[in-house]
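Before any comments, here is the structure.
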Amino acid sequence: MSLILASASPRRAELLRQAGITFTVVKPGMEEKPDYSLPPRKMVLALAREKAFAVKETLDRGIVLAADTVVYYRGRVLGKPHDTEDARRMLNLLSGTVHEVLTGLVLVDAASGTEESGVSVTKVWIKKLPEITINAYVSTGEPFDKAGAYGIQGKAAVFVEKIEGCYSNVVGLPLSLLDDLMRRIDSEV
């Protein structure tokens with residue numbers, strides 16, 4: 001099975017390499033426009049599906065993998081921060097609370113159009129963060145390409161008290177769900 005990652009995310013690529021999965025990267029070449037009117041589960045699946053099909057249309061064969069990750073907190077979807085102030089706002093919201101990280105995964109066979117999809121949800125508890133800690137973290141630049149303005153695999157690892165669910169989901173690619181979807185699509189094509 002030839003896997004094509006429809007993402008420029010270095011974290012997703014690293015997780016695939018870590019799992020021993022061979023892949024190539026083809027960026028979707030589309031502007032991501034999340035539909036915030038949808039419930040979070042449907043929103044991440046819809047955006048992942050758009051990415052997958054944008055890449056599928058450029059290929060004759062292979063299995064395209066696309067993903068979209070958001071942080072969901074008290075009825076709000078938190079994507080990637082727009083600027084320093086937005087990153088601080090998000091981290092202040094999450095400080096001392098629990099939130100969910102949702103990742104929608106879509107696999108589509110470029111030749112047949114066969115599709116498999118699913119959503120992984122992980123609960124994350126963030127300890128109370130003093131303002132000085134938030135400011136120091138934001139000044140590292142790490143929050144700016146991450147949903148919810150933090151990366152569990154980076155400097156923000158010390159903020160996380162516990163998680164319930166898949167760790168790699170919080171990084172941006174739930175490997176257990178991916179394995180399930182790959183087995184299903186492999187049996188169909």
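The values are calculated or read from the model by the stated rules, or taken from the named source; none is laboratory data. Note that the structure is a prediction, hence the values are computed from the model and not measured. Heads up, the Cβs are rebuilt from the backbone with ideal geometry, glycines too, and the neighbour counts pull from every protein chain shown.
Keeping to segment 1-54, report how many residues are assigned to a helix (DSSP H, G or I) and either under 12 Å from the mean Cα position of the chain (by Cα) or surrounded by 13 or more Cβ atoms within 10 Å (Cβ to Cβ) (or both).
22
Only one of 88, 183 is over 16 Å from residue 44 (Cα atoms), of a type in the set (Lys, Arg) and either touching a strand residue (DSSP E or B) at 6+ places or on another chain (Cβ under 6 Å) or surrounded by 15 or more Cβ atoms within 10 Å (Cβ to Cβ) (or both); which? Talk me through it step by step, then tell me what you get.
Numbers: 183 fails: either touching a strand residue (DSSP E or B) at 6+ places or on another chain (Cβ under 6 Å) or surrounded by 15 or more Cβ atoms within 10 Å (Cβ to Cβ) (or both).
The unique qualifying residue is 88.
Go through (1) modelled with pLDDT under 95; (2) buried (at least 20 other Cβ atoms within 10 Å of the Cβ); (3) not β-branched (Val, Ile, Thr) for residue 107 and report which single condition fails.
(1)
Going through 45, 15 one at a time, which residue ends up being modelled with pLDDT of 95 or more and in contact with a Leu (Cβ under 8 Å, 6 or more places away or on another chain)? Spell out the reasoning first.
Details: 45 fails: in contact with a Leu (Cβ under 8 Å, 6 or more places away or on another chain).
Just a single option satisfies the conditions, and that option is 15.
Kindly indicate whether residue 68 is within 30 Å of residue 24 (Cα to Cα), part of a loop (DSSP other than H, G, I, E, B) and not small (Gly, Ala, Ser). Lay out the reasoning, then the answer.
Working: within 30 Å of residue 24 (Cα to Cα): yes; part of a loop (DSSP other than H, G, I, E, B): no; not small (Gly, Ala, Ser): yes.
No.
Just checking, does segment 82-90 include any residue being part of a loop (DSSP other than H, G, I, E, B) and either free of Cβ contacts under 8 Å to residues at least 12 places away in the same chain or touching a Pro at 6+ places or on another chain (Cβ under 7 Å) (or both)?
At the first step, the residues of segment 82-90 found to be part of a loop (DSSP other than H, G, I, E, B) are 82-83.
In the following step, the residues that additionally are either free of Cβ contacts under 8 Å to residues at least 12 places away in the same chain or touching a Pro at 6+ places or on another chain (Cβ under 7 Å) (or both) were identified as 82-83.
Checked segment 82-90: at least one residue is part of a loop (DSSP other than H, G, I, E, B) and either free of Cβ contacts under 8 Å to residues at least 12 places away in the same chain or touching a Pro at 6+ places or on another chain (Cβ under 7 Å) (or both).
Looking at (1) at pLDDT 95 or above; (2) under 18 Å from the mean Cα position of the chain (by Cα); (3) crowded, with 20+ Cβ neighbours inside 10 Å, can you tell me which one residue 146 breaks?
For residue 146, the exception is condition (1).
Would you tally the residues in segment 91-104 being hydroxyl-bearing (Ser, Thr, Tyr) and either closer than 14 Å to residue 68 by Cβ or crowded, with 21+ Cβ neighbours inside 10 Å (or both)? Full working, then the answer.
So the first thing to find is which residues in segment 91-104 are hydroxyl-bearing (Ser, Thr, Tyr), and the list is 95, 97, 103.
Those left that are additionally either closer than 14 Å to residue 68 by Cβ or crowded, with 21+ Cβ neighbours inside 10 Å (or both): 103.
Of the residues in that region, 1 qualify.
Any idea which of (1) under 20 Å from residue 150 (Cβ atoms); (2) β-branched (Val, Ile, Thr); (3) more than 18 Å from the chain's Cα centre (by Cα) is the one residue 70 doesn't satisfy?
(3)
Note down all Cβ pairs under 6 Å where the first residue falls in segment 132-156 and is assigned to a loop (DSSP other than H, G, I, E, B), the second is acidic (Asp, Glu), and they're at least six residues apart or on different chains.
Sorted first by the residue in segment 132-156, then by its partner, the pairs are 151/142; 154/142.
From 109, 179, grab the single residue that is within 20 Å of the chain's Cα centre (by Cα) and on the phi < 0 side of the Ramachandran plot.
Working: 109 fails: within 20 Å of the chain's Cα centre (by Cα).
Going through 109, 179 in turn, just one is within 20 Å of the chain's Cα centre (by Cα) and on the phi < 0 side of the Ramachandran plot: 179.
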